[in-house]
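Laboratory data are not the source of any read-out in this text; all were calculated from the coordinates shown. Source: prediction; values computed, not measured. All Cβ positions, glycine included, derive from the backbone under ideal geometry; neighbour counts span all protein chains shown.
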Amino acid sequence: MNKEELLARACKPAQDAMIVHPFYRGKIQVVPKCAINSPDDFAIYYTPGVAEPCKAIKANKDKVYELTNKWNTVAVVSDGTRILGLGDIGPEASLPVMEGKALLFKYLGGVDAFPICLDTKDPEEIITAVKWLQPSFGGINLEDIASPKCFYILKKLRAEMDIPVWHDDQQGTAAVILAGLINSLKLTGKKLDKVSIAMIGAGAANIAISKLLFTAGAKPESYLIVDSEGILYPKREDLKTKRDKYIDKWKLCQITNIERRIGGIAEALRGADVCIALSKPGPGIIRPEWIKDMAKDAIVFSCANPIPEIWPWEAKEAGAKIVATGRSDFPNQVNNSLGFPGIFRGTLDVHARAITDDMCVAAAYSLADTAESRGITEDNIIPTMWETEAYINEAIAVAMKAQEQGVARISRSQEELHKSAEAMIKSAQRMATLLVKEGLIASAPQQTYKPIAR
């Protein structure tokens, strides 16, 4: 397949999305999870019988996890200020993304997720709204909230809430990038604590990735991070004067770039072993000639959505040994869809109060191990979204780490966790298949998109 054919095929999902979305008028719905055999059942599920579980929860608030679906619910919350590569498009326009997120939560993780798009951009109002949701949900997934306020919102909510809160563009993306990097380094014979890493973009994703890679053993001094004004280093006066606002970015100025390089993307990539790009949609953000200047057996993660910073075939032609993107239609998708369903499955299964960085590292190593156990290659470094076992293993790893760190409300064995996660995930998938088979979900119109061959 030539470059023109590859490019045309890469544009097909966007075209088909405008066929399928109006056909279904939404991607999720609510269905009962209890048996309804006669009108008499309503007296048990609703009034008058429902008063008894209400009183039990009033006497012991933790009973809500036994008597309601709170234990398996997540709110997907966004203000619409940083949607994919589209930027600030508002809460209504962000709803298709949040619905898609809820769909993946259910199908891949067996988690009941609900899109909550807030009509405010004010951090304090967002914090208040999310705290109001706490009684109804077992966890909060913050999504597509602009930097730097996303860091403040996450930090405050994690400190003040008693259910797990995470920002998927931070922790979720970081966990999956780490998983892909672990196996890429194995294939190239390199070590995380020895490689030089150039990060293109200094928004929420790359700042969080940096933190998680440091937790996993990467060395900050070997990092070069590029934002829209150039490479981070201590004499960046534009950041120094705003260091109270850009706290995390200013900290990275102090601990990275030991060589004190200046310049832009080209200079940052010179001699780098790894490129991790989550900046703005391409192509053309990263040029092939800059990839040629990287170290031998270079690893390139070009993850902007919906179009990567450089097309994967261009990076390969320029000498990169391993190339990953955030798209499912190219090999090596390092997308947070591999992370949040399994991570929340494990978190919810032990009623955890938080999702820690160590839980995310455990998820990353689980994903890497699952891929390695069935074999990895340069074009197959990480599980795909169709490998159900990856989500089950990930859930177990996260739940075990939560118990080890003392953030779990209940204790469950590895065997119990496997049985539970497998049942929840496979039940959700069988339900979706059955609804289509029975005609309760209509088959989608014929689409023109076909995935690019692996």
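Counting only alpha carbon atoms, the long axis of helix 12-24 and the longest principal axis of the chain meet at about 10°. Under a model in which nothing but the beta-carbon of Lys, Arg (+1) and Asp, Glu (-1) is charged, the chain shows a dipole of about 500 debye around its Cα centre.
Just check the stretch 14-170 against the gyration tensor rule for me: Cα atoms, a ≥ b ≥ c as the square roots of the eigenvalues, rounded for a/c under 1.5, and otherwise prolate or oblate depending on whether a/b exceeds b/c. Taking the square roots of the gyration eigenvalues as a ≥ b ≥ c, the stretch 14-170 is oblate. Students often get this wrong, so check it: of LYS149/LYS240; LYS27/LYS63; LYS70/LYS131, which have C-alpha atoms separated by over 25 Å? Exceeds cut-off: LYS27/LYS63.
Its relative contact order, with pairs defined as Cα atoms under 8 Å and 6+ residues apart, puts the chain at 16 percent.
Annotation note: trypsin sites (Lys or Arg not before Pro) in the stretch 209-246 located in DSSP loop regions with a Cβ neighbour count of at most 11 within 10 Å are LYS235.
The angle separating the long axis of helix 173-188 from the principal Cα axis of greatest extent in the chain is about 50 degrees. Separation of the stretch 59-121 and the stretch 335-376, taken as the distance between their Cα centroids, equals 19 angstrom. Charges were assigned to the Cβ only: +1 to each Lys and Arg, -1 to each Asp and Glu. The resulting dipole of the stretch 145-220 about its Cα centre is roughly 360 debye. Restricting the stretch 269-378 to GluC sites (Glu not before Pro) that sit in a DSSP loop and have at most 12 other Cβ atoms within 10 Å of their own Cβ leaves nothing.
Going by the alpha-carbon gyration tensor, a ≥ b ≥ c the square roots of its eigenvalues, is the stretch 119-239 rounded (a/c under 1.5) or, if a/c is not under 1.5, prolate (a/b greater than b/c) versus oblate? Oblate is the answer for the stretch 119-239, as a/c is 1.5 or above yet b/c matches or exceeds a/b. Counting only DSSP beta bridges whose two residues both lie in the chain, roughly 10 percent are antiparallel. In order along the stretch 241-248, the Karplus-derived 3J(HN,Hα) couplings, from 6.51 cos²θ - 1.76 cosθ + 1.60 at θ = phi - 60°, round to 6, 10, 5, 6, 8, 9, 4, 5 Hz, and Gly and Pro are given as x.
3J(HN,Hα) couplings calculated from phi for the stretch 41-50 with the Karplus curve 6.51 cos²θ - 1.76 cosθ + 1.60 (θ = phi - 60°) are, in sequence order, 4, 5, 5, 8, 6, 10, 6, x, x, 4 Hz; Gly and Pro show x. Taking the alpha carbon gyration tensor of the stretch 1-98, multiplying each eigenvalue by 5 and rooting it gives semi-axes of 44, 19, 12 Å, largest first. Distances between placed amide hydrogens fall under 5 Å for PHE301 paired with CYS275, ILE276, ALA277, ALA324, all partners being 5 or more residues away or on another chain. When every alpha-carbon pair in the stretch 320-454 is counted, what percent end up more than 24 Å apart? Within the stretch 320-454, distances greater than 24 Å cover 40 percent of Cα pairs. For the chain, the longest principal axis of the C-alpha atoms and the axis of helix 414-437 are separated by about 80°.
Scanning the chain for chymotrypsin sites (Phe, Trp or Tyr not before Pro) lying in DSSP loops with no more than 14 further Cβ atoms inside 10 Å, the longest uninterrupted stretch between such sites is 47-385. For the chain, the fraction of alpha-carbon pairs lying more than 30 Å apart is 45 percent, rounded to a whole number.
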